[in-house]
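Computed from the coordinates by the stated procedures, all read-outs in this text should not be read as laboratory data. All figures in this text were calculated on a predicted structure; none of them were measured in a lab. Here the Cβ positions follow ideal geometry from the backbone for every residue, glycine too, while neighbour counts run over all protein chains shown.
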């Protein structure tokens, strides 16, 4: 056998070729004749023979592969996966590659698939719908429903990752869940009743989540519940039945037509079988069947193994046996029934514990009439939890607390400091807010709390309040005072009431009240249940939520760090921990602890990727947190770039993402405004405000912040009158129910704008008021407080009242009281600048130079400093040099270098001229 | 997939492949394959009925589709060359895959002629008729022997680049490229001529 060309040969050959190619044919021949070994010479000879006679260096050598092009066309025109050829392992669908066939059903095949692009390790389950079953409108329906189902992100639900149609075949890409079905798992591990109920609770919570998104499962059964290696349940096939349904109604026979496989009648609700309207009640029914089966090992109606017709009849007309009485314990293993469904979970060893309450829960879910079942999955869950814990449980937010909050919020707006409609309260509230069913449910589960709040609300009798109709706040305030004594013997209820009230006040933006309540709650839960108990963690998160709402990074850090540690200890859901980590990244950044923020960012990003694909919205949204970090690091262009990179992701956001898209726009505008980009116009900012208000209602926090940002930018550009106008619009939009303390920062910024715009009437008094009011408090701390105080200092300086400015500045210089401030380089540089201006105003121009230099040095130390304030700081320094009789040429030259090219005109340009001119410059303090 | 998400992958993978990292190679292929195919298909669709009949003008493909891709990835110089060599390789494998599904991939079936011709006034040198698989194998061998020459053939023969474009890419004159190409052609011819069961 010939041996082919070896690498070593080639080296020699290549070199010889190059040499001999240069030579004339005759000389070549001579060489070839003597070359050894002969095989080499032969090759060389052949190769050289391929060269053209005359090497025309300008001719173009062609490589032609005839037929290649036509074949390429043919290959590209073929569909990868045709509707007629059977799918094979290795076939590609979008970015997935089929790996192994998992099963085949009436609907089509289910394959396990892997990512074809190697971007990340991922598996999915792909349902290939049979080509012949696909109706014409299927693809269109897929597209509509895909967005809907794609929103179902819940740890207990196998997500639908993608859906589409390729080459005439519709497919669904679902999260792949290795593990066992629920019945298998229960049977294999021989779980007792309590464990089974806990599993079902997980399932129910997933269903509840989907219901909240208006998605009904319609095919709940143990076969659709996978339990993974960690023992967590995941619901499969969510909404698939809904996807395939033509109309709002679902009739069994229709489904047969479409899917070729009927619903399992054993778990189907009566109305599903008869073809009437199907809704959340049908899912609740199915959950009831599963509960019954888990508790007893048997189906409530009929038996496994009966014919379809017999089963249907049993469901429609049968009566369920009491769980504890059923003694058909033998029929629990082995046989697979007619529908191909597996055998059941088997009877639990402690089935008798199901007597009474648990039976009743199942019975209520299994009522033939949908209207008589639990109205919501939440209520079902409550009862199960009640049974599990054997004591009153705090009622679930969605059901009750949420309603109270909503109601109170609606009516607090009406109240607006005036009276509240108590006819509504006493008469309407009891009825509309608490429907009989809920009242009973609430009462059963949490009698003490219910009683308390019922009394509270019915105590609105004017006679009890000195003859006037009290508003909600007054009511709550009054009862709040009673809490400690009222519940002295019942700390558990006390805790629950504190939680409700804390959340209520938070919703009303009365953080001044919510915070002490939340603090009490944290202390109480710690005392009752310890640091790591669920209730304590909930309390900490409430408190943390308040910190975030108030933009109080110090609080977020102080509470967030131990909370995160606790969550990690308890191996809480990754998504919960992530939420907290995001907040900490931003909090560290805002507190000036950039190293900690960077560390947290680096730790968190891989965790994000564990949960979300790198290209998903959630993963990309992570960059908003990094944005805050970059700002804090003085990397302005990098921050801008992050937001720009995110733009495609938010180009056409789905409804549930619009809020985030607006955030991104706001951040981008901020970055671009600071960089002087032409896109960051006033109009653009106003548009963002308008869009926020359209989405979230007038006066919401986001549009407030956007307005404040716009005003700040206008101030930096010296357009103080325009800033004043924005502040006025901002003030009008605020709800007067907001606590006065929250308005202080806005008042301070507005004051500065007014003073610099020349509206000085009453300003001095306002400065004093604000100085007094701006004492650090739980409601107003950290950088927000510093910025607000700084605005007051500047306003005082602009008014040429160094006495007032000094008083306002004093708290910022109290190092002991604000230890965190020492580490905040950016804020320290600002304080330095204010100190400098104050000294200058007091006549000590020489002394003012050093602090002003510090501010300049701060900018010099940043990788991508903000251009405008930097230039302003330089001019500030130049002014002091001038007044101190020092040479200013260098400083002015530097200022000219620093002046942003994109800046049109700015009041500080006049300062620059004044510094250079022989006559004494004017007063510019407070304008930098 | 957004460009920014793709970017690290491709350039890193290209670097890995140049180091001879097998895993990078595999991954690169997997990353590019669907993308290139998609681009090619789009171009085909855009070329209208004429395109299908006359055969895809791979040159046009390069210009519009892959150039953009290369620019998006920020590919320069060596990696740009590697990229285009890959394009050629992928397109060729698209053809082979297709032949496979039509069961026309058997050795000896549907022979394809590889004509390494020169300018019109120079006699064409025709290789032995060899099927696509054989060609693929020969090219594979070539890559192992001399990557530079291999890339040339891929780029010019299968990815549709012009001599001028390759010259720019490699920072050489068209003359140099021409000469290299002559050598590459000669080598390929040798490899094609080697018996199929040769031991390498």
Requested in this report: Per residue, how big is the convex hull around the C-alpha atoms of the range A:733-852? Give it to me in cubic angstrom, could you?
Outcome: 110 Å³
Requested in this report: Pop a pseudo-label 7 angstrom from the Cα along the beta-carbon direction at both residue A:574 and residue A:897 and give the gap in nm to one decimal.
Outcome: 4.9 nm
Requested in this report: Quote the FRET efficiency, to the nearest 0.05, computed for residue A:175 versus residue A:214 with a Förster distance R0 of 25 Å and r equal to the Cβ-Cβ distance.
Outcome: 0.75
Report summary line: Largest-first semi-axes in Å of the equivalent ellipsoid built from the Cα gyration tensor of the range A:512-568 are 18, 14, 7
Query raised in the report: Where the Cα atoms of the range A:712-794 are projected onto their three principal axes, how long is each span, largest first, in whole Å?
Result: 33, 26, 24
Query raised in the report: What length, rounded to one decimal in nm, is gained on full extension from residue A:364 through to residue A:190, with 0.36 nm per residue of separation minus their alpha-carbon distance?
Result: 60.0 nm
Report summary line: Dimensionless Rg/Rh of the range A:769-815, both radii on Cα and Rh by Kirkwood, sits at 0.96
**Report entry** Tail beyond 26 Å, pair distance distribution of the range A:522-664 (Cα, percent)
**Finding:** 27 percent
Requested in this report: Please report Rg over Rh for the range A:824-875, where both radii come from the alpha carbon positions and Rh follows the Kirkwood definition.
Outcome: 0.99
Report summary line: Cα gyration tensor of the range A:600-642 diagonalised, 5x eigenvalues square-rooted, in angstrom largest first, produces semi-axes 20, 11, 6
Report task. Could you sort A:640-646, A:227-233, A:296-302 so that the peptide with the highest average Cβ count within 10 Å comes first and the rest follow in order? Result -> A:296-302, A:640-646, A:227-233
Query raised in the report: What relative contact order, as a whole-number percentage, does the range A:570-647 give when Cα pairs under 8 Å and 6 or more residues apart are counted?
Result: 30 percent
Query raised in the report: Just for the Cα atoms in the range A:619-719, what are the lengths along the principal axes, largest first, rounded to whole Å?
Result: 37, 30, 21
Report summary line: Here the averaged projected area of the range A:761-915, based on the convex hull of its alpha-carbon atoms and given in nm², is 10.1 nm²
Requested in this report: Stick to the Cα atoms of the range A:861-928, pair each with every other, and give me the Kirkwood hydrodynamic radius in Å at one decimal.
Outcome: 12.3 Å
Requested in this report: May I ask for the distance between the Cα centers of the range A:562-610 and the range A:269-327, given as a whole number of Å?
Outcome: 46 Å
Query raised in the report: How well do other chains shield peptide B:180-190, expressed as the mean number of their Cβ atoms within 10 Å of each residue Cβ?
Result: 6
